[in-house]
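The structure appears below as structure tokens.
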Amino acid sequence: MSAAQRRRRAAAGGPSAYQIDAVLRASRALVGIAAASMAAVDDDVTVPQLRVLVMVDTKGPLNLAAVAAGLGVNPSSASRICDRLIRAGLLDRQDSPDDRRNITLSLTDAGRQLVNKVIKHRRTAIIRVLRDMDPDDRELLTAALDRFATAAGEPLADDAVTLIWPGGR
């Protein structure tokens, strides 16, 4: 099937199997890069704990309900994960002056350093891959990934409220 035929087919009824397979293949490469970056900190945090740190780094201070929603877990599970991060000195907990049941979670300097270490590792690996690509292909990939991330609900790098991971550093 030619590229033009694939485009017509996709436009008529959603993504084609070819498009889905291409995204899956690229996601395997990205997951490999992410997994390798986790190896750099796996003695310090678990994957769910890193997800919390990245969420707080990306979105700014969060309450426990937002962390639970972001992880897709119940609040008691999110609370246990956050308690471990607080004990490890990676996350800070501030009680709300208005409601003692509401807390605000933010990164400590050590938490920010850990997130930055992971991001630096990922950036280095991504740079290596992008260097092997034709400059025009890099531009096309950048535009496509920006649109993909937007469709997936990821915030923009220049959003006033957030800094997307791994960009913006």
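Here, each number is a calculation from the coordinates, and none is a lab measurement. No experiment lies behind these values; they were computed from the predicted model shown. Glycine also receives a Cβ, built like all others from the backbone with ideal geometry; neighbour counts cover every protein chain displayed.
Things to note:
- Net dipole in debye of the chain [+1 Lys, Arg Cβ; -1 Asp, Glu Cβ; about Cα centre; nearest 20]: 460
- Degrees separating the helix 135-151 axis from the principal Cα axis of the chain, which is the longest one: 50
- Computed FRET value (nearest 0.05) for Ala36 with Thr104, which takes r as the C-beta separation and R₀ as 41 Å: 0.80
- Full-extension gain in nm, Ser96 to Arg25, via 0.36 nm per residue minus C-alpha separation: 21.1 nm
- Computed about its Cα centre, the charge dipole of segment 26-126 is approximately 320 debye, with only Lys, Arg, Asp and Glu carrying charge at their Cβ.
- Using the rule -39500 (n - 2.57) for each DSSP H run of four or more residues, divided by the residues of the chain, the 222 nm mean residue ellipticity is -21000 deg cm²/dmol.
- Efficiency of FRET between Met133 and Val47 - r from beta-carbon atoms, R0 35 angstrom, step 0.05: 0.75
- For segment 55-111, the Cβ-based charge dipole about the Cα centre amounts to some 220 debye (Lys, Arg positive; Asp, Glu negative; other atoms uncharged).
- Entry note, segment 40-151: relative contact order of 25 percent, from Cα contacts under 8 Å with a spacing of 6+ residues.
- Relative to the longest principal axis of the Cα atoms of the chain, the long axis of helix 3-13 makes an angle of roughly 60 degrees.
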